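The values are calculated or read from the model by the stated rules, or taken from the named source; none is laboratory data. What you see is a predicted model; the values in this text were computed from it and never measured. Every residue, glycine among them, receives a Cβ derived from its backbone with ideal geometry; neighbour counts consider all protein chains shown.
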Amino acid sequence: MLELETALRKSSAQGTLFAQAVAEHAGISNSDMDCMDFLNMEGRMTAGRLAELTGLTTGAITGVIDRMEKAGFVRRERDDSDRRKVFIVPVPERLVEIGHFYVLMQRAMQELTDRYTDAELKLLLRFATEAYHSVLEATNQLNVMMKELPKGKRAGVRKPRRR
């Protein structure tokens, strides 16, 4: 199972590097790009739902949304039936600007999935879905653990000094 974990970690890291390159081009951070991906997959949603999907705190999500709105990737939209409710809506024109970069990844993944049977793909889908939920739960546990640490003492890591 160590080989599987290593392969998954490599794939995850490579996906992160790919998204980082796109995020840099778009002028947003990696975590903002990850949140953009959730919005792209699921469409408009509340900030609370985005926090739930990502495992980020609601405070962190507010910052993400502010930055993405400033960069023109999302807009806030009030619910017509409940004006207190605000949806975060992707701006399609901005998604198109970065979406073409992902064609390369989509093509590579299509070539890969074409090598598997439907039964194998169903197993992989189940595994990937359960893996997402496992990592989300670990993220939530990490958030709780981090809140319990004294400020400035987070794992003994110090900020690098500026020179």
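Screening residue 56 with (1) at pLDDT 95 or above; (2) closer than 20 Å to residue 137 by Cα; (3) not in a helix (DSSP H, G or I) gives one miss only, at (1).
Filtering 38, 101 for residues that are over 22 Å from residue 132 (Cα atoms) and either in a helix (DSSP H, G or I) or in contact with a Leu (Cβ under 8 Å, 6 or more places away or on another chain) (or both) leaves a single hit, 101.
Every listed requirement among (1) loosely packed, with under 14 Cβ neighbours inside 10 Å; (2) at pLDDT 95 or above is met by residue 46 save one, (1). The set of residues in region 80-94 being surrounded by 12 or more Cβ atoms within 10 Å (Cβ to Cβ) and over 18 Å from the mean Cα position of the chain (by Cα) consists of 85, 86.
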